[in-house]
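For reference, the structure is listed below as structure tokens.
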Amino acid sequence: MDSILLTIKRMLGIEPQYTHFDQDVIFNINTVLMTSNQIGVGPESGFLITGANEKWIDLLGERTDLEAVKSYIYLKVRLLFDPPSSSFVLDAMQRQATEIEWRLWVQVETSADVPPIIEEEVI
């Protein structure tokens, strides 16, 4: 599934055709997108969604090293939109989101420090 909204809805257990909660889910996704932008994920100018048209490639481009952002966005949206009633599950989800956030930050920082590989011409 390429749509950010539809992916997150599916992960939340909401059928794509059920649109009653779309505005709430979009609002929460955009909140998490702001946070992810602050750690370097996505376009420098920021990114937001307005519906099902925005795709993961619009957010990540061709980067395959930031796929964890999908899990991060899901976890954070779930915690905002439909937090678990069990404090143990809530704590586990919060810790996992924090770890993924840190790993994304490290990935962005370390990939920014590595110069691109330029193949030298062999004579």
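Okay, residues lined up against (1) of a type outside the set (G, A, S); (2) out of contact with any helix residue (DSSP H, G or I) (no Cβ under 7 Å at 6 or more places or on another chain); (3) farther than 27 Å from V106 by Cα:
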{"residue": "Q17", "(1), (2), (3)": "yes, yes, yes"}
{"residue": "D24", "(1), (2), (3)": "yes, no, yes"}
{"residue": "P43", "(1), (2), (3)": "yes, yes, no"}
{"residue": "G46", "(1), (2), (3)": "no, no, no"}
{"residue": "I57", "(1), (2), (3)": "yes, yes, no"}
{"residue": "L66", "(1), (2), (3)": "yes, no, no"}
{"residue": "K70", "(1), (2), (3)": "yes, no, no"}
{"residue": "S86", "(1), (2), (3)": "no, yes, yes"}
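Report yes if some residue within region 92-103 is out of contact with any Gly (no Cβ under 7 Å at 6 or more places or on another chain), surrounded by 15 or more Cβ atoms within 10 Å (Cβ to Cβ) and of a type in the set (F, W, Y); otherwise report no. No, the conditions are met nowhere in region 92-103. Of the residues making up region 31-46, not a single one is surrounded by 15 or more Cβ atoms within 10 Å (Cβ to Cβ) and among the charged types (D, E, K, R). Taken over region 14-58, the criterion of being under 22 Å from W102 (Cα atoms), of a type in the set (A, V, I, L, M, F, W, C) and outside any helix (DSSP H, G or I) is satisfied by I39, V41, F47, L48.
A search for C-beta distances below 7 Å between a residue of region 26-54 that is without any contact (Cβ under 8 Å) to a residue 60 or more places away in the chain and any residue that is part of a loop (DSSP other than H, G, I, E, B) and hydrophobic (A, V, I, L, M, F, W, C), counting only pairs 6+ apart in sequence or on different chains, returns I26/I49; I29/I49; N30/L48; N30/I49; L33/F47; L33/L48; N37/F47. Of the residues making up region 50-75, those that are surrounded by 17 or more Cβ atoms within 10 Å (Cβ to Cβ) and under 12 Å from D2 (Cα atoms) are A52, E54, W56, L59, L60, K70. The residues in region 62-77 that are in a helix (DSSP H, G or I) and more than 20 Å from D24 (Cα to Cα) can be counted, and the count is 1. Screening Q23 on (1) over 18 Å from L80 (Cα atoms); (2) surrounded by fewer than 14 Cβ atoms within 10 Å (Cβ to Cβ); (3) at pLDDT 95 or above; (4) not acidic (D, E) shows it passes everything except condition (1). If you go through region 55-92, how many residues are free of Cβ contacts under 8 Å to residues at least 40 places away in the same chain and over 15 Å from the mean Cα position of the chain (by Cα)? Matching residues across region 55-92 total 10.
The values are calculated or read from the model by the stated rules, or taken from the named source; none is laboratory data. If you're wondering where the values come from, they're calculated on a predicted model, not measured in any experiment. All Cβ positions, even for glycine, are placed from backbone atoms using ideal geometry, and neighbour counts span all protein chains on display.
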